[in-house]
Amino acid sequence: MSKPCVSIIIPVYNEVESLSLLHERLSEVLARLEIAYEILFVDDGSTDGSFDAIERLAEDAHVRAIQFRRNFGKAAALTAGFSVVEGDYVITMDADLQDDPQEIPGFIVELEDGPYDLVSGWKFPRLDPVSKTFPSRVFNGVTSMLSGLSLHDINCGFKIYRRAVVQEVRFYGELYRFIPVLAHWKGFRVGEKRVRHHPRRFGNSKFGVTRFLRGMYDLLTVLFLTRYVRRPLHLFGTAGLVSFMAGMAVSIYLTVLWFLGQRPIGNRPLFMLGILLIIIGVQFFALGLVAELIISQQSSSEPGYSIRRRIR
């Protein structure tokens, strides 16, 4: 098979019922495009026979596969996929049939005809219960406001990337949902496209409501990584300076009262607050210096996953 023009990466975790139908629909759409393509399934430690189903699908020469030894998470699956795919365009999508392969030609057109390096899907209308859609809207709104990148559905897994994006953007943990923000920070042009959303046909969602709380923590991480990762002293130093100056202002105020005869000042709560603010300010500043030292000495880390088998 010639070098693929399009690579499809599909993280899989206990989706055995949907894999055959997903492969059939993908093959039908991609064959119509008359381009070279590859489909990469990354089995993230499934326990329901998903990899056995993938092995059967691998009779198709377009199918490649990676099997993890255990469940390492979607970020690890995407990272492993990004490291081996060869297409000029890389598409990520879920294996649960909620993402429609019929959208792929439109995604490709967005990159070929538009100014974008990454186009993120926007599930519209989204066919999920309000318990998922409402927190998602709040999360998307907060993320857009703080990151400066306006997207309606930043957590949508259906995306297309130019190869340069997947080669340069690095992430870990659950930061995969913020890939558009990380790419935007690096200077890549990010767009959005409405995509059809289908209700889940098999199994249950792998994500609970707690993911929104984790998502807010991850948002703070992304904001730090994109704005201060190379200059942490600017963040901690600013916080430390504010706290130190507030503590000094309190101390100077109490000193003036002491000289005016309003004694004693050592038993006042304001005195303890001033000392506390000064100490916190010094600690923040010291933390910033330590962070700068760590950044200057940092080295590359090992991959956060272990591969059991590869197909093709």
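Quick note: the coordinates plus some simple rules give every number you see, no bench work behind them. What you see is a predicted model, and the numbers here were worked out from it, not measured in a lab. Cβ placement follows ideal geometry from the backbone for every residue including glycine, while neighbour counts extend to all protein chains displayed.
Here is how the numbers come out for the structure above:
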read-out	value
Between helix 104-113 and the chain: long-axis angle, C-alpha atoms, 0 to 90°, nearest 10	60 degrees
Protection proxy ranking of 142-149, 63-70 - average other beta-carbon atoms within 10 Å, highest first	63-70, 142-149
Radius of gyration, Dmax [the stretch 1-90; alpha carbons; angstrom]	12.5, 36
Folded to 0 to 90 degrees: helix 74-84 orientation relative to the chain principal axis, Cα	60 degrees
Semi-axis lengths (Å, descending) of the ellipsoid that matches the C-alpha gyration tensor of the stretch 232-296	31, 9, 6
For the chain, built as a Gaussian network whose Cα springs stay under 10 Å, the top-fluctuating residue of 256, 130, 84	256
Percent antiparallel among DSSP beta bridges (both partners in the stretch 6-227, rounded to 5)	25 percent
From phi via Karplus (6.51, -1.76, 1.60), per-residue ³J(HN,Hα) for the stretch 145-154 in Hz, x at Gly/Pro	5, 7, 8, x, 10, 8, 9, 7, 8, 5
Descending principal axes extents, the stretch 1-151, alpha-carbon based, whole Å	46, 39, 27
Packing rank of 155-166, 106-117, 232-243, where each peptide gets the mean count of other beta carbons within 10 Å, highest leading	155-166, 232-243, 106-117
Quotient of C-alpha Rg and 2.2 N^0.38 Å, computed over the stretch 152-196	1.11
23 Å Cα cut-off, lysine pairs counted over the chain (separation 8 or more, or different chains)	17
Phi-based couplings in Hz for the stretch 18-25 (Karplus 6.51, -1.76, 1.60; Gly and Pro marked x)	9, 5, 4, 5, 4, 4, 4, 5
Student exercise, the chain dipole from Lys, Arg, Asp, Glu Cβ charges, in Debye to nearest 20	1240 debye
Relative contact order %, the chain, counting alpha carbon pairs below 8 Å whose residues are six or more apart	20 percent
More than 35 Å apart - percent of Cα-Cα pairs taken over the chain	33 percent
Sorted by Cβ density within 10 Å, fewest first, the residues 275, 294, 54, 39	294, 275, 39, 54
